[in-house]
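Have a look at the structure below, then the notes.
The values are calculated or read from the model by the stated rules, or taken from the named source; none is laboratory data. What you see is a predicted model, and the numbers here were worked out from it, not measured in a lab. A quick note on method: Cβ atoms are made from the backbone with ideal geometry, for glycine too, and the neighbour counts reach across all protein chains shown.
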Ligand SMILES: Nc1nc2c(c(=O)[nH]1)N[C@H]1C(S)=C(S)[C@@H](COP(=O)(O)OP(=O)(O)OC[C@H]3O[C@@H](n4cnc5c(=O)[nH]c(N)nc54)[C@H](O)[C@@H]3O)O[C@H]1N2
Ligand SMILES: Nc1nc2c(c(=O)[nH]1)N[C@H]1C(S)=C(S)[C@@H](COP(=O)(O)OP(=O)(O)OC[C@H]3O[C@@H](n4cnc5c(=O)[nH]c(N)nc54)[C@H](O)[C@@H]3O)O[C@H]1N2
Ligand SMILES: [Mo]
């Protein structure tokens, strides 16, 4: 079978022909079946083709993608899955009683399909009521999530734009990915180290002698990007493997799991207990002091507060505990010798610490990256080629040399003027309180830390500590979610279901009947990336990409841009005009491109005309030589006076006076080992002796693509797999393929057993993102890990989210319950 035929087969196999779409009008541009056009996704860019207005398949193109991943096949498969939302729908109880309905019926009521006109009116009337009775802050429009790529159809920025026009809203700050690292590191190095540039790969390949993958699984997580990946980082991981053979470069994986990347590289494994990296790093620093390899000169010249911290390590601080290898060995579950050996290696070799973000999704998660920067300071190679640290090698092709692309505009939150957002093409973060300009200026928007949404709904008016400031929770009466899946992403799903009952109204705008859509009152069907025109970029700025409409929207789905315009039309012409500024989607696409081209022209770069760009599918930018030589913090090392860091001392703050002044008991003035409530050493472990870790999935982007055949690649009897060590399995008489109940006081789920030595004894591993499928007693029969994870904050500093928990496992002996979440929900006949 030819490759092309195979791809088509894959697409068609999962389709199950939809009668809804068959008779629909096919626009002129799609009459030319089989014409391949550039389109893109979080998994890569490709050329796509259609037949009779339906998305048929994709071809991978070398210029667009260096290392195509299987996830792109899911983009085709999901389009016509039976979980696609075909029409606007309302929960029956809500249709009858509106905001006064019985909220405990969410997820249980039947659905009633309605017309777009009815849906627009229903949404607009409820917005009017809530604005009038409670004001803008009572509307949560901060809906978080990994919506599609594309500058125009950014469902969240557009939601903010609509709500700003109507009267403002409560939004969010930070994100579930980097909540703790983004809050803590500006206090330590003056920048958000989760997003900061890292030393370029060519430099690492030439100079590093030791690469430490610390809580990072880059071969898994680089499959996707926030923009569009071209997967260039895979070339460098291949070269890294070559360097291991060629010149003995050593790769060490410090992780409770021997992960995908470690396996590929055949890396050494230090199997640390979950959430105990901080004592490990402290003991390495201690042993480096003792063996004379701690870089005292670096500490003196480039850091602030090392002396106080050393006292803490040496047992001269209040706690009187000596943080030596013997002390850490017990906590971390590794041997004293292993720790001393790490101190010896790091102290004598050019060492690059590549930290991921998994370890900071935990109680006291702030400490991980603070301590890692401290350890790198003790090693003293920050600013040298191949040494120091970098916390983005695992994400969106981090470390790949890239051009600085001319920055244009994206559709912004600020209405009146749509030119303020800097993030071409629209994939920027939604910042702290969005700025509102022009005639819509008088908005008193408020931003809550994103992972405190349940605390906020449960405690209106409560004043909380947050990042050295105070914040008062608003009263939330309504939540509008677009392009995110809270009933997947937020810890403690059962608590979320209970808490959301306090909302008068919950609206979800998505392409699929996700767990969140099923828990909503009103559901609005969005078209997918391949069903509309848009514009985006390769994440590393190498190309601007055309996103061609490949297929007609499924059923009655509409683009996010059209949906908001339709709601605003219920308010009036002025509101619509403020939103669209007189442009349709294609008008915006051209506008964004021209803005970039203008900047390019000014800086002497050549960009093709819009028409040439649209025809070809991309515009390319050259990578400058200097980008290949980039060494993180080299300037600071060269001259720490003229290139001082953006911290109060201008240096790396091992001790922060600002944090000290905040006076938090759970985030102190220097990196500190504070036992979390749930870890293998806590009292709770007597009842729940297994430590669950929940890393990111191999064949999904969070919950996305779980409704495709990709799930068959991993599932066991239709359940999400759970990795368990042979000893733990034996103790519970478990074998490969068994179905188990995984539980703690927060909830329970079913999972399929994989017995493997790739997970440390005492630890179990389940990937986040399996669709939530609760039975009548709340047992998730499919395996959404967040029913087990606590909602509690990381600390008063970041107020971030966690991703680990203590649990117990037992064999599930009843008949296997049917999975319902991948079928259509119940509609009223
Ligand atoms: N236990 C645990 N939980 C975690 C994590 C973990 O490690 N462990 N990781 C956390 C992290 S880092 C993150 S980023 C979050 C991710 O959480 P989310 O980003 O909420 O997860 P996704 O499944 O990507 O949800 C995106 C939703 O957007 C929808 N969508 C896609 N395209 C469009 C569109 O064009 N229009 C509209 N309206 N909708 C669209 C998709 O169908 C999908 O339902 O999860 C967090 N949760
Ligand atoms: N395929 C795929 N790629 C993705 C995503 C996806 O959903 N699917 N999501 C994307 C997003 S939004 C994000 S934020 C990034 C996430 O990037 P990360 O947060 O770095 O990814 P994780 O998989 O959560 O964790 C990375 C590693 O940390 C380990 N780990 C967990 N707890 C601990 C601990 O306490 N100590 C140590 N040392 N290690 C620990 C895990 O076992 C795993 O190997 O990935 C992105 N890439
Ligand atoms: Mo994330």
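Annotations
Let's see how each residue does on (1) more than 16 Å from ligand 2 (Cβ to nearest atom); (2) over 30 Å from residue 404 (Cα atoms); (3) surrounded by fewer than 19 Cβ atoms within 10 Å (Cβ to Cβ); (4) assigned by the TED database to the domain that holds residue 393:
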position	(1), (2), (3), (4)
624	yes, no, yes, no
655	yes, yes, no, no
664	yes, yes, yes, no
670	yes, yes, no, no
677	no, yes, yes, no
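- Going through (1) in contact (Cβ under 8 Å) with a residue 60 or more places away in the chain; (2) within 16 Å of ligand 2 (Cβ to nearest atom); (3) touching a strand residue (DSSP E or B) at 6+ places or on another chain (Cβ under 9 Å); (4) not in a loop (DSSP other than H, G, I, E, B) one by one, residue 269 falls short only on (1).
- Single residue of 316, 366, 336 found to be under 17 Å from residue 669 (Cα atoms) and without any contact (Cβ under 8 Å) to a residue 24 or more places away in the chain: 316
- The single condition among (1) within 16 Å of ligand 1 (Cβ to nearest atom); (2) surrounded by fewer than 18 Cβ atoms within 10 Å (Cβ to Cβ); (3) at pLDDT 95 or above that residue 256 does not meet is (2).
- All of (1) within 28 Å of residue 256 (Cβ to Cβ); (2) surrounded by fewer than 24 Cβ atoms within 10 Å (Cβ to Cβ); (3) within 16 Å of ligand 3 (Cβ to nearest atom) hold for residue 173 with one exception: (1).
- Selection over the range 679-706 of residues that are out of contact with any strand residue (DSSP E or B) (no Cβ under 6 Å at 6 or more places or on another chain) and part of a loop (DSSP other than H, G, I, E, B) gives a count of 16.
- Set 231, 269, 207: member being within 25 Å of the chain's Cα centre (by Cα) and assigned by the TED database to the domain that holds residue 636: 231
A quick yes/no check of all residues on (1) part of a strand (DSSP E or B); (2) surrounded by fewer than 22 Cβ atoms within 10 Å (Cβ to Cβ); (3) within 9 Å of ligand 2 (Cβ to nearest atom):
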| residue | (1), (2), (3) |
| --- | --- |
| 202 | no, yes, no |
| 216 | no, no, yes |
| 263 | no, yes, no |
| 282 | no, no, no |
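- Residue ID - farthest from residue 361 (Cα to Cα), chosen from residues in the range 762-782 that are surrounded by 24 or more Cβ atoms within 10 Å (Cβ to Cβ) and away from ligand 2 (no atom under 15 Å from the Cβ): 774
- Neighbours by Cβ (under 7 Å, 6+ apart or cross-chain): first from the range 491-502, assigned by the TED database to the domain that holds residue 144 and within 16 Å of ligand 2 (Cβ to nearest atom); second at pLDDT 95 or above and not in a helix (DSSP H, G or I): 491/789; 491/790; 491/791; 491/801; 491/802
- Filter result for residue 286 (surrounded by fewer than 24 Cβ atoms within 10 Å (Cβ to Cβ), at pLDDT 95 or above, out of contact with any strand residue (DSSP E or B) (no Cβ under 9 Å at 6 or more places or on another chain) and not in a loop (DSSP other than H, G, I, E, B)): no
- Members of the range 618-638 that are out of contact with any helix residue (DSSP H, G or I) (no Cβ under 8 Å at 6 or more places or on another chain) and closer than 15 Å to residue 200 by Cβ: 623, 624, 625, 626, 627, 632, 633, 634, 635
- Residue in the range 638-655 that is farther than 30 Å from residue 35 by Cβ and part of a helix (DSSP H, G or I) present: yes
- Enumeration of residues in the range 134-155 that are surrounded by fewer than 24 Cβ atoms within 10 Å (Cβ to Cβ), away from ligand 1 (no atom under 16 Å from the Cβ) and in contact (Cβ under 8 Å) with a residue 60 or more places away in the chain: 134, 136, 137, 138
- Test: residue in the range 680-689 that is touching a residue at least 40 places away in the same chain (Cβ under 8 Å), away from ligand 1 (no atom under 13 Å from the Cβ) and surrounded by 19 or more Cβ atoms within 10 Å (Cβ to Cβ): yes
A quick yes/no check of all residues on (1) away from ligand 1 (no atom under 15 Å from the Cβ); (2) outside any helix (DSSP H, G or I); (3) surrounded by fewer than 23 Cβ atoms within 10 Å (Cβ to Cβ):
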| residue | (1), (2), (3) |
| --- | --- |
| 157 | no, no, no |
| 165 | yes, no, no |
| 180 | no, no, no |
| 184 | yes, no, no |
| 199 | yes, yes, no |
| 205 | yes, no, yes |
| 237 | yes, no, yes |
| 244 | yes, no, yes |
| 252 | yes, yes, yes |
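- Matching entry among 696, 702 (being within 15 Å of ligand 2 (Cβ to nearest atom), farther than 16 Å from residue 765 by Cβ, touching a helix residue (DSSP H, G or I) at 6+ places or on another chain (Cβ under 9 Å) and modelled with pLDDT of 95 or more): 702
- Counting residues in the range 438-457 that are at pLDDT 95 or above, under 23 Å from the mean Cα position of the chain (by Cα) and farther than 23 Å from residue 135 by Cβ gives one or more.
- Scan the range 485-509 for residues that are buried (at least 23 other Cβ atoms within 10 Å of the Cβ), over 21 Å from residue 90 (Cα atoms) and either away from ligand 3 (no atom under 16 Å from the Cβ) or more than 21 Å from the chain's Cα centre (by Cα) (or both) and the total you get is 1.
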